[in-house]
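A short write-up of the structure that comes next.
The values are calculated or read from the model by the stated rules, or taken from the named source; none is laboratory data. Only a predicted model underlies this, so the values are computations on that prediction, with no experimental measurement involved. Positions of Cβ are backbone-derived with ideal geometry, glycine not excepted, and every protein chain shown enters the neighbour counts. Note: areas computed on protein heavy atoms with side chains; ligands, DNA, RNA excluded. Shrake-Rupley method; radii C 1.70, N 1.55, O 1.52, S 1.80 Å.
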Amino acid sequence: MTILWQDIRYGLRMLGKNPGFAVVVVLILAVAIGANTAVFSVVNAVVLRPLPYRDADHIVTLWEQSKWGGRPPSHQDFLTWYRQSQVFEEVAAYARQRFYVVGIDKSREVWANPVSANLLPLLGVNPLLGRVFRPEEEQPGNDQVVVLSHRFWTDRLGADPNVLGRTLSLTSDEMNRDTSLSFDRRDYTIVGVMPADFELPFERPAPFWVPLVFQRDSYWEEGRPVRPIARLKRAVTLEQARAAMAVLSEQAKQAQPKTRADRKIELDRMQNRVLAGKTHGLLLLLGAAGFVLLIACGNVANLFMTRAAARQQELATRMVLGASRGRVLQQMLTESLLLTTAAGLAGLLLTFLTVKAIVGLCPVDIPRLEQASVDGTVLGFTLGISILTGLLFGTMPAWRMVDTRASQSLKSGWTRPSITRQRRRLRGSLVVLQIALSLILLVGATLLIRSLIALHHMDLGFRPENVLTAHIELPVAKYPDGKHRQLFFDELIERVRRLPHVRSAALVRASLQLGEMEGELSFSVPGHPVPDGQELPMAKWSCISPGFFQTLGIPIVKGRDLTEQDHADHIVIDETLANRYFSDEDPIGRVLVQEGHELTIVGVARTTRDFLTPNPAEGAIYMHLPASLPDMIFLVRTDDDPIRFAPLLRQQIDALSQEEVVTRMETLETILSDTLAARRFVMILLGLFAGLALIVAMIGVYGLLQYNTAQQTHDIGVRMALGAREQDILAAVLGRGVKLALIGIVAGVVGAVALTRVLSSLLYDVTPTDPATLTLVSVALAVTALLASYLPARRAAKVDPMVALRHE
Amino acid sequence: MITLKNVEKCYKTKAGFTYVLRQINLQIAEGEFITIMGPSAAGKSTLLNIVGMLDHDWEGEYTLAGQAVHTLKPKQRQALNRQYVGFVFQAFNLLDSLTVYENLDVPLSYRNVKTSQRAAIVCDTLDRFGIVGKKDLYPSQLSGGQQQLVAIARAVVANPKLILADEPTGNLHSTQGREIMKLFKKLNEEGATIIQVTHNEEYAAYGRRIIQLKDGWMDGEITPDQLPGKAR
Ligand SMILES: Nc1ncnc2c1ncn2[C@@H]1O[C@H](COP(=O)(O)OP(=O)(O)OP(=O)(O)O)[C@@H](O)[C@H]1O
Ligand SMILES: [Mg+2]
């Protein structure tokens, strides 16, 4: 014990003697540990941790696959087919519906989920209060019951313990579809409250759940779309379930050849689907952080070896003076452990900060992100790796020396050239590895930066600058029917158009967010028959007011704009659609058929794109519908910075409605830029990691050359005495740096070509192996390596031969 | 070829200035073979380092081949060194990470010798010193005597006009030592100026003038005949 204490004190003193070394090791390791643990903690929360349901492994999700992609089945199809299979213990479903909650605080619109009665039992989550739904509550008339989320219960109802039995007034446009846009409210009895962390897979946290009732209306003749969820029987594998669904699909096809000919029922584990497409960036960052850790370990290994080599003489002396091999090793071990422990603590601190930063930076649509916290296992893992690195490389040189030639090393002052060479090569290859890995990271970051630049310069087909958007939600209590709402919006447009600085103003339906800007509309084109059983083509569908094209700056290339007099039967299509179906004729005056209605084409507009769908596939249909829905997006084009216009617009709207109805106000450019958030997030972190990697790798290059120079001071002196010029020495050291860099760059380029394809889905207008990027990064890295080599080279060139020769 | 006027060298130590060379006045003509003798710490190596222009920190006047060295900048002195000097260090100073062959190649690589000629010159020198068989070995794999041979070979490989040899025969067997001396003599006859430091009277006798140093002062100059051993 006293020996250990003595070792620690001695170790601290040795580290204190060389604080630069200690600080660099601690910093490098801390950064690597911090980055890794933080990213892994996030990935663990989002990707790896099982979903919070009973036996989540056995829960699968089902959907209909056709050549148009996957989609939820209609309620009718669900009831007819999905429940037949023998491979499931239970099959449940849920839907999504907009409700207006009336009577609590202010009325407001929310998305909530109708669920089949067996859904919550299937997931294995019990209510906190009361009960979940009963099967008979799926029948119309019995369905006015509601289960609240914990959040709604606490935030809106003050966590009232006697809430069961109270009622909630809800209204929904779906409930009233066939009663021509008037909104009846209905009272729902509260029967249960769910626990705090419960939410449905695939869904944003919902405020409440209601029973899923089968119901046809003019809009959904087969019932609304529902999302099926099933629990596999214990003995059934995923493959067996897939095979069973294939058989079922075949039966369905036989029974309904007209509608189901090219549809198949598919399934997958819920966990896979929940995260499909959303974790790519995170996994990528995990890989990048792993690279940073590798680079850091390589670097620290070098630092430790260097240091141990520098202390060879001291250690040899100790051994000659009678220190046992165990004691010497123990001393080295103590020092390594001191350092890595310090690094671990610093890393832990960094991790806490970084996890917060990552969660803050991350675009919001990643599920379970908020649950990310520093994970003990992960921290243990990275700490373990770095401590191991320290131990291994901190003591390795001692091992070797202890082995053989302690006395000799003391006598002659040099180790055998073969050993020196071997170690030099090991150190060199560690530096090469660092350079190669940082090149890969740099290439990745550069590709993303180039993609973002390309996206920012992409021709969108419209002019987003100087456009202000305001999301308006009218309270249904005050504007109970379509007429009132239409009046409000018409008046608003009139008033705003008269304001100074306003070029034009228009309305577009609120669900038409950018990115998922449009709904979809299936249609047919006379003269273009669709083969039996095949689905009708779909186009993006926008409901707009006249002035829309002018406001967004979308040119009408043929025909005319929509006017106040045009209604649902007159449409404007975009060039993509026009080229597809009317390539060799004039589309103006031709018709599309939508559910039996003829839609006459009066104009053709430029195709627009956005960052989420940079390659519009099917084309778009625009129609003018009266602004009768309670929520709309109001668009204003100004002749100036639109942000300056925002207060004036809000004032106008508030004056007209005498209530706060604007829920969001942003410029169109902001909205567009937000759709790039996911890419930007990956880019920023990858860029950060690449930068870190570069710095650490350059410390590696610098450290190695500096060490070599120090080791070779004598040789350099001899060379100078033999006639070497300053520039000869300079060139020799720089040459070694550049040689290491070049080998590293070549290895890195090979690695990058092999690895950057994982970035493909995030790239735009640049290939993963873009030669320009590879060249640029290689040159930049070579130049940086040259700079890192310059200081040691300069120092070498300044060696005074007299002093160096005395050294002996 | 060499003129030293009042050359002095001192080190600053805690106790003040310690002079290691005092008022050295020396004239050496081209083609001379000079021996410097003196007890340990007399300043022999120091003097050789100054003449070889490895040491820049001294006072007095030094002219080499008509160039006033004391007026030259370090870079110019280095150039002069490259042009004239071949140096045999007291402590060999072979480059441990290079083979014998590579060690011999080093001076040539700094002297604008064509690569094609370099190989020929190195091989020739290896042959002359009888160390062809050792060319791929590292210095640490050689005996002390062999290392010394390589050190001498390296000093003469670039065919210098001025050879400075600090105890070149210290570690050699007497026959080998004699061989080296014969080689120096031959080089001297071919025109090289040689200054050697030695404690061995037999080898000292190869020089035509013997300069004696003591405590940094010049302590007289004798001819080989006046060596105590010869007088007996
Ligand atoms: N860097 C230095 N700092 C202080 N004193 C020095 C330094 N270098 C040499 N000396 C001193 O200069 C004196 C002359 O040293 P020098 O090496 O010239 O002796 P030498 O005649 O070559 O001796 P030897 O025959 O042992 O090689 C010695 O007293 C030595 O201690
Ligand atoms: Mg000496």
Gyration tensor (alpha-carbon) shape descriptor, the stretch A:607-754, a/c threshold 1.5: prolate
Whichever aspartates and glutamates have a C-alpha closer than 16 Å to that of residue B:214, once near sequence neighbours (fewer than 8 apart) are set aside: B:8
Accessible surface buried upon A-B contact (total; probe 1.4 Å; Å², nearest 100): 2200 Å²
For the stretch A:23-167: rounded, prolate or oblate by the Cα gyration tensor [a/c cutoff 1.5]: oblate
Helix-only CD estimate at 222 nm, as mean residue ellipticity for chain B, using -39500 (n - 2.57) per DSSP H run (n ≥ 4): -10000 deg cm²/dmol
When the convex hull of its Cα atoms is projected in every direction, mean area for chain A (nm²): 45.0 nm²
Options A:625, A:665, A:582, ranked by Cα towards positive dipole end of the stretch A:579-731, top entry (Cβ charges): A:665
Heavy atoms of residue A:199 accessible to a 1.4 Å probe, total area in Å² rounded to 10: 60 Å²
Distance (nanometres) between label positions extended 7 Å along Cα→Cβ at residue A:233 and residue B:127: 9.4 nm
The protein assembly as shown: antiparallel DSSP beta bridges as a percent of all, rounded to 5: 75 percent
Average beta carbon contacts from partner chains per residue of A:721-733, 10 Å cutoff: 5
Apportionment of accessible area to carbon and sulfur, chain A, percent (1.4 Å): 57 percent
Positive-end residue, chain A charge dipole about Cα centroid, Cβ charges, pick of A:781, A:472, A:767: A:781
Global geometry of the stretch A:68-261, whether rounded, prolate or oblate, following the gyration tensor of its Cα atoms and the 1.5 cut on a/c: oblate
Cβ-defined net charge surrounding residue A:500, 13 Å radius [Lys, Arg +1; Asp, Glu -1]: +3
On Cα atoms only, tilt of A:238-255 relative to the major axis of chain A in degrees: 20 degrees
Gained length - residue A:483 relative to residue A:673, 0.36 nm times residue gap less alpha-carbon distance: 64.9 nm
Partners for residue A:253 among lysines (Cα-Cα distance below 20 Å; same-chain residues under 8 apart left out): A:67, A:264
Relative contact order (%) - the stretch A:475-660, alpha-carbon pairs under 8 angstrom, separation at least six: 32 percent
Pair residue A:84, residue B:217: separation of 7 Å Cα→Cβ label points (nm): 12.3 nm
Part-to-part distance (alpha-carbon centres) for the stretch B:175-218 and the stretch A:655-718, which is given in Å: 68 Å
Between helix A:325-361 and chain A: long-axis angle, C-alpha atoms, 0 to 90°, nearest 10: 20 degrees
GluC sites (Glu not before Pro) lying in DSSP loop within the stretch A:650-700, provided at most 15 other Cβ fall within 10 Å: A:659, A:660
Potential lengthening between residue A:251 and residue A:530 on full extension [0.36 nm per residue; Cα-Cα distance subtracted]: 98.1 nm
Helix A:417-456 axis, angle to chain A major axis (alpha carbon atoms, nearest 10°): 20 degrees
Chain lengthening between residue A:269 and residue A:600 when straightened (0.36 nm per residue, less Cα-Cα): 114.7 nm
Across A:17/B:75; B:161/B:182; B:5/B:161; A:233/A:258, pairs whose alpha-carbon gap is larger than 28 Å: A:17/B:75; A:233/A:258
Antiparallel %, DSSP beta bridges [both residues in chain B], to 5: 55 percent
Complex-versus-alone comparison for the stretch B:79-113, residues with a loss of 30 Å² or more in accessible area, probe 1.4 Å: B:82, B:89, B:93, B:95, B:96, B:97, B:110
Inter-probe distance in nm under a simple model that places probes 7 Å from Cα toward Cβ, at residue B:173 and residue A:754: 5.7 nm
Per residue accessible area of the stretch A:68-261, 1.4 Å probe, in Å²: 47 Å²
Per-residue ³J(HN,Hα) for the stretch A:782-797, Karplus 6.51 cos²θ - 1.76 cosθ + 1.60, θ = phi - 60°, Hz, x for Gly and Pro: 4, 5, 4, 4, 4, 5, 5, 7, 5, 4, x, 5, 4, 4, 4, 5
The protein assembly as shown - charge dipole about Cα centre, Lys and Arg +1 at Cβ, Asp and Glu -1, debye rounded to 20: 5460 debye
Partner lysines for residue A:483 [C-alpha distance under 30 Å; skip if fewer than 8 residues away on the same chain]: A:106, A:540
